[in-house]
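A short write-up of the structure that comes next.
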Amino acid sequence: MIRRLFFGIDAYIVQVETDIANGLPSFATVGLPQNAVKEGRERVAAAVVNSGFEFPLKRITVNLAPADIKKSGSAFDLPIALGLLTAANGAGPANATGPSLDDYVVVGELGLEGDVRPVRGSLCIAAGARAAGVKGLIVPRENLAEASVIDGLDVLGAGSLAEVMAFFAGDACLASGRDTQPFSVGRLDSGLSLSDVRGQEQAKRALEVAAAGAHNVLMIGPPGSGKTMLARRLSTILPPFTKQEAVETTKIHSIAGMLRPGAALVATRPFRSPHHSISDAGLVGGGSTPRPGEISLAHGGVLFLDELPEFRKNVLEVLRQPLEDGFITISRASGTVRFPGRVILAAAMNPCPCGYASDEARTCTCSAAMVERYLSRVSGPLLDRIDLHLHVPAVPRGDLSCERSGEPSAVVRARVAKARGRQLERFVNREDLYANAHMATADLRKFCTLEDAAEKLLKAAINRLNVSARAYHRIIKLARTIADLADCDDVRMEHVSEAIQYRTLDRLR
């Protein structure tokens, strides 16, 4: 009797062994079970009786192997019940005419009436079951669409314990995942559009570049200049998910219990905007049994940090590694967990504590020391990992009342999708690359060919701006994205020139 247990988003096999012996009635679960697993014995006992089966009044021992790894969650209920009934009287699974229980991974929480309820992580369990080479997977019916996304595996959905027993006895069939709907892109129009933002054409162009290459962006400007409006519309111009990207994101949301019942995949790119009071564990994930944080939940989409200097410094500093590597590693005594965390970081901040240092219509009341303390809350190494640094000025009052609007998100998204398509063709043999921002230093020499004039301009600019090696490489990635938007194979001087403009705020201090 097997089921899958996950640590992080990776699943592994747990063998459920059941022994029934003579003696005083008892029910013991061993193998480092946590509270939800221990409490499962009460659910299993009630479900077995209320499903019309006889519960053995003997000494029952359930072992979850390997015994040196903690087991948590309620998904062990169904395999424990099947093992118990098999050991008690040979009913159902022991019947030679039915399918073999050893050919299936089984997972599900039991209700007191014997109904099978949904569990977290079904997609991860399905991926692990296929990797283990088992014939099929039985999941709660509400998780059927989610688990059926994984090809090459016979996925079945169960509604009750009695149904599963009848299936293994050869007397009934379970719902098949083959009948579920195939992957399709979710609704891209959320009611928000770039055309809602008046003015700020330069910032809109920068967001288009950020979306096309998955680059991080920082917007600096006075209150009311539209920074938050722009950031919330960044996700509306991102290209549709590929199936592989959608599977990666869905695994994280499934583990976190955030997937809608009956949903197959997270088909639209996520947008996460945590409050500045968040802890470092809330941002990157953590806990005794590590759970994904906001960065991982935004994987494949946008992580928006509004009022960036208001976040605690230790919280901001944990962003460094995931922004560079695209994943988060959490180490515990019980093991090491790796969560995906490849996001577009969109951050917004004021130029000073009062917010009006760059506003021509209002007077800043902050001293130089106050401004320096405020800006120093965001460290240089973190700024170095942000590709686009934008000055977002206050919108002229005349533009606010103007009826003329800019391009809607759908038009911009079409250009972004075309540029991303060029990148996917370029990275066709690289499963770990979806966009230009994900390139490593070695990839730049292969995929980013600069014309002679462009290379000379870049060398002159880095000497004048005194940028770091990391910023130098990020300028090249930006220029490559701008060239993709222009449908150019080579990176030209005008592309490098525009990319350099987005790094001039490196001299913020």
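A few notes on this one:
- The residue that is modelled with the lowest pLDDT, counting only those in the range 399-419 that are of a type in the set (S, T, Y) and surrounded by fewer than 19 Cβ atoms within 10 Å (Cβ to Cβ), is S401.
- Residue check, G301 closer than 18 Å to H438 by Cβ and open to solvent by less than 20 Å² (accessible area, probe 1.4 Å): yes
- Residues of the range 225-276 satisfying the condition of being among the hydroxyl-bearing types (S, T, Y) and over 21 Å from G293 (Cα atoms): S225, T228, T236, T242
- Residue selected from the range 331-360 under the condition within 17 Å of P292 (Cα to Cα) and assigned to a loop (DSSP other than H, G, I, E, B), by the criterion least open to solvent (accessible area, probe 1.4 Å): G341
- Answer from R422, R430, R492, R470 - the residue that is over 31 Å from the mean Cα position of the chain (by Cα), open to solvent by 30 Å² or more (accessible area, probe 1.4 Å) and not β-branched (V, I, T): R492
- From P396, P381, residue being open to solvent by 60 Å² or more (accessible area, probe 1.4 Å), farther than 30 Å from Q244 by Cβ and either touching a residue at least 40 places away in the same chain (Cβ under 8 Å) or within 24 Å of the chain's Cα centre (by Cα) (or both): P396
- Residue list for the range 414-438, filter: closer than 28 Å to A346 by Cβ, hydrophobic (A, V, I, L, M, F, W, C), without any contact (Cβ under 8 Å) to a residue 40 or more places away in the chain and out of contact with any Phe, Trp or Tyr (no Cβ under 6 Å at 6 or more places or on another chain): A414, F427
- Qualifying residue in the range 110-120 (condition: out of contact with any His (no Cβ under 7 Å at 6 or more places or on another chain), of a type in the set (D, E), surrounded by fewer than 24 Cβ atoms within 10 Å (Cβ to Cβ) and assigned to a helix (DSSP H, G or I)): no
- Exactly one residue out of P322, P222 is open to solvent by less than 10 Å² (accessible area, probe 1.4 Å), under 17 Å from L345 (Cα atoms) and either in contact (Cβ under 8 Å) with a residue 60 or more places away in the chain or not β-branched (V, I, T) (or both): that is P322.
- When residues of the range 439-452 are limited to those that are free of Cβ contacts under 8 Å to residues at least 24 places away in the same chain and closer than 20 Å to R470 by Cα, the one most open to solvent (accessible area, probe 1.4 Å): R445
- Search result, residues across the range 265-297 that are open to solvent by 30 Å² or more (accessible area, probe 1.4 Å), in a loop (DSSP other than H, G, I, E, B) and under 19 Å from K251 (Cβ atoms): T268, R269, G287, T289
- Condition met for I328 (in contact (Cβ under 8 Å) with a residue 60 or more places away in the chain, of a type outside the set (D, E) and buried (at least 24 other Cβ atoms within 10 Å of the Cβ)): no
- Single match in T97, T86 (criterion: more than 23 Å from the chain's Cα centre (by Cα), part of a loop (DSSP other than H, G, I, E, B), modelled with pLDDT under 90 and surrounded by fewer than 24 Cβ atoms within 10 Å (Cβ to Cβ)): T97
Residue by residue, here is whether (1) among the hydroxyl-bearing types (S, T, Y); (2) under 20 Å from I344 (Cβ atoms) holds:
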position	(1), (2)
D359	no, no
T363	yes, no
G380	no, no
G406	no, no
V412	no, yes
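- Within the range 19-44, the residues that satisfy the criterion of being surrounded by 14 or more Cβ atoms within 10 Å (Cβ to Cβ), within 37 Å of the chain's Cα centre (by Cα) and of a type in the set (A, V, I, L, M) are L32, A36, V37, V44.
- Output for the range 269-301, where each listed residue is more than 14 Å from the chain's Cα centre (by Cα) and among the aliphatic types (A, V, I, L, M): I278, A281
The values are calculated or read from the model by the stated rules, or taken from the named source; none is laboratory data. Quick caveat: nothing in here was measured; it's all calculated off a predicted structure. When we count neighbours, we look across all protein chains shown, and the Cβ atoms used for this are built from the backbone with ideal geometry, even at glycine. Protein only, heavy atoms only, side chains kept; ligands, DNA and RNA dropped before computing areas. Shrake-Rupley method; radii C 1.70, N 1.55, O 1.52, S 1.80 Å.
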